[in-house]
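Trainee: Okay, here's the structure, questions in a sec.
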């Protein structure tokens, strides 16, 4: 079986306990700090509920509630360098700021459009609308595409029969981190088998 070198499986309790070697998960260099990550994986059947989005805003709200309710979750701290932490923070915060700016601009455009008596205000409302649309697209691309390519991701699996802990497959992590974590797992397994 061929596996990718940017993925490794760990236990959810290991993630919660921050039980990792001091190697940056993003750059592979020696870690300088720790950053909290929260991972959630919905079951495959939940994607069929995307049809609810056709109902508009209420369907989107129902979809978000159901997905957040049925998702398998795991969280903990991963080791990072300071520059990787800054990159992760920017990658997560900038799309959120763009989406908030989009909502604010559309709110301004709506207020101007409903209270306009002047053509110049109509042009201002249209400009706010189109800039807001561009910000929305940039925010969604940043959140759904760029964030997934830059920061560590994870697939959280349901507990297997006979186990109480969840398996978490860390993805998009540096090969040096994977190698150090694999070495840690091998060393612990060897210690467990040799101890009486």
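Trainee: Could you run through segment 13-32 and say how many residues are in a loop (DSSP other than H, G, I, E, B) and over 19 Å from residue 149 (Cβ atoms)?
Mentor: Of all residues in segment 13-32, those in a loop (DSSP other than H, G, I, E, B) come to 17-22, 24-29, 31-32.
Of the ones still in play, those that are also over 19 Å from residue 149 (Cβ atoms) are 17-22, 29, 31-32.
Residues meeting the conditions: 9.
Trainee: Same structure, new question: Could you grab me the full set of residues in segment 149-174 that are loosely packed, with under 14 Cβ neighbours inside 10 Å and either assigned to a helix (DSSP H, G or I) or free of Cβ contacts under 8 Å to residues at least 40 places away in the same chain (or both)?
Mentor: Of everything in segment 149-174, those that are loosely packed, with under 14 Cβ neighbours inside 10 Å and either assigned to a helix (DSSP H, G or I) or free of Cβ contacts under 8 Å to residues at least 40 places away in the same chain (or both) turn out to be 149, 159, 160, 161, 162, 163, 164.
Trainee: Let me ask something else. Name the single residue, out of those in segment 1-43 being surrounded by fewer than 14 Cβ atoms within 10 Å (Cβ to Cβ) and touching a helix residue (DSSP H, G or I) at 6+ places or on another chain (Cβ under 8 Å), that is nearest to residue 92 (Cα to Cα).
Mentor: 33
Trainee: Picking from 140, 121, which residue would you name as being in a helix (DSSP H, G or I), closer than 30 Å to residue 69 by Cα and at pLDDT below 90? Steps first, answer last, please.
Mentor: Working: 121 fails: closer than 30 Å to residue 69 by Cα.
That would be 140, the only listed residue that is in a helix (DSSP H, G or I), closer than 30 Å to residue 69 by Cα and at pLDDT below 90.
The values are calculated or read from the model by the stated rules, or taken from the named source; none is laboratory data. The shown structure was predicted, so the numbers you read here are calculated from the model rather than taken from an experiment. Note that we place each Cβ from the backbone using ideal geometry, even for glycine, and neighbour counts take in every protein chain shown.
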